[in-house]
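What follows draws every value from the coordinates through simple rules; no lab data is involved. If you're wondering where the values come from, they're calculated on a predicted model, not measured in any experiment. Neighbour counts are summed over all protein chains in view; Cβ atoms, including those assigned to glycine, are modelled from backbone coordinates with ideal geometry.
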Amino acid sequence: MSSIRYRTGLAVLAALSLAFGVSYFRAIGSKCSTQPAKRFEKTVKAMDTFVTVSVSGVDETAATVATDAAFAEVKRLEARLSRFEPDSDISMINSASPGEAVKVSPASFAVLREAARISELSGGAFDVTVGPLVALWRKAGKTGVLPSEEDIDAAREKVSFKNLSLDANSNTVTPLREGIIVDLGAIAKGFVAERAAAVLCRRGISSGFVDAGGDIVFIGSNVDGRPWRTGIEDPRKPGTVADTIYVQSRAVVTSGNYRRFCIIDGKRYSHVIDPRTGRPAVGPAGVTVIARGGATADAWATALSVLGKDGCDAARADGVEFLMYFVKDGEINRLESEGFAAFRKEGSNDGR
Ligand code: AMP
Ligand code: MG
């Protein structure tokens, strides 16, 4: 019990974890409650970031049981999805020979299937087989030397979600060529937040959230019945809020080039790669997506970071709402989906 901190409904800070430079969000709990309700909150390091689980509306015992179950789910999924755990599903796929079918857990299959779906819808802008290019640009960031055209072409050759064959009957994944490296960095946090939130729901939690390094899945509304108030970070001044939204029962995910990037020869390069060019994306400075599922929101935030306005129609057709920030000469230009405006007003999104 001692590991859980509790806050009252008057506390303003709901989600934290700005560390590791991967969190773009702060969820700020609704203020003004005549009957302060306790909020139980716990943060654990997982998936190379900090994961916060916050629950309200139950007593401390129920909160502890639910929170522990949610973190057990986080750890379970991390062990399956991590590229760095040698016996994870993803490592098995990455070390398989072409044509070798790898049986994976239902959760890994589900995240890969959602990844394939968004790859298809985004015309390959989102692609979890981007691993060889990520490795190339990570090395460039470390050495300060840009990769050669040949290196980019050689890595790009290995990148295509079409080189992963998924068989839902047998839950198997088969790499179809040599050198495939699956990297779930653009979808795993949202997916894990979604699954951990589902565990909380099954434990009877109707108000709370899971924040996986800034990828947040909100359950219901704040304990006082009002929507969750969430600040979207200003890409020009990380740590400050550019827009505020109000959500209930939604996932909110931001992908941005202003916290994770590298500088080579004085030029800034995004951590998001455009698989079509083999080079860092040159799209918007930040993209925030609101969706029903965390995996979907996470994947679209990355896809739109690559596509910018060219991705609007596909994202809209998939039913997600988005806000993009383009920064030019110190000014923000916003491009948002029609439905996004509803989330700017408190009370207009009823969570359905
Ligand atoms: P996110 O912060 O969710 O946009 O995810 C970025 C991370 O996903 C990067 O650090 C890479 O590991 C990986 N990644 C980079 N570019 C892509 C892409 N176009 N599609 C899928 N994953 C990507
Ligand atoms: Mg993402």
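For the options Asn333, Asn257, Asn171, a Gaussian network treatment of the chain with springs between C-alpha atoms closer than 10 Å singles out Asn333 as fluctuating the most.
Within a 10 angstrom radius of the beta carbon, how do Lys42, Lys309 rank from fewest other beta carbons to most?
By the 10 Å Cβ count, ascending, the order reads Lys309, Lys42.
The alpha-carbon of Lys142 sits under 17 angstrom from the alpha-carbons of these lysines, leaving out residues fewer than 8 places away in its chain: Lys267.
Longer than 22 Å from Cα to Cα, which of Lys45/Lys189; Lys75/Lys162; Lys75/Lys189; Lys158/Lys189 are they? Say none if no pair is. Checking Cα-Cα distances, Lys75/Lys162; Lys158/Lys189 exceed 22 Å. A straight Cα-to-Cα reach below 12 Å connects Lys38 with the aspartates and glutamates Asp59, Glu60, Asp224, residues fewer than 8 places away in its own chain not being considered. In the chain, the longest principal axis of the Cα atoms and the axis of helix 60-81 are about 0 degrees apart.
Our summary gives region 38-104 a relative contact order of 19 percent, counting only alpha carbon pairs under 8 angstrom and 6 or more residues apart.
Using alpha carbons only, how many degrees (0 to 90, rounded to 10) separate the axis of helix 106-121 from the longest principal axis of the chain? Relative to the chain, helix 106-121 is tipped by roughly 70 degrees.
For the chain, relative contact order (Cα pairs under 8 Å, six or more residues apart, normalised by length) works out to 18 percent. When Ser82, Ser97, Ser105 are arranged by Cβ crowding within 10 Å, least crowded first, meaning fewest neighbours, the order is Ser97, Ser105, Ser82. Compared with the dominant principal axis of the Cα atoms in the chain, helix 188-202 is inclined by about 30°.
The Cα center of region 67-93 and the Cα center of region 146-205 differ in position by 13 Å.
Under a Gaussian network description of the chain, with springs only between Cα atoms under 10 Å, the residue in Gly57, Gly214, Gly225 that fluctuates furthest is Gly225. Full extension of the chain between Lys309 and Thr172 gives 45.8 nm of extra length, using 0.36 nm per residue less the Cα-Cα distance.
Relative contact order for region 41-154: 11 percent, from Cα pairs under 8 Å spaced at least 6 residues apart, divided by residue count. Sorted from greatest to least, the principal axis extents spanned by the alpha carbons of the chain come out as 65, 50, 38 Å. Listed by chain and number, the aspartates and glutamates placed with their C-alpha closer than 14 angstrom to that of Lys103 are Asp87, Asp89, Asp167; residues fewer than eight positions away on the same chain are left out.
Per-residue ellipticity at 222 nm computed for the chain from its helices equals -9000 deg cm²/dmol, with DSSP H segments shorter than 4 residues left out and the rest contributing -39,500 (n - 2.57).
Largest GNM mean-square fluctuation across Ser249, Ser170, Ser221, computed for the chain with C-alpha springs under 10 Å, falls on Ser170.
Stretching the chain fully between Lys162 and Asp87 yields a gain of 24.6 nm (0.36 nm per residue, less the alpha carbon separation).
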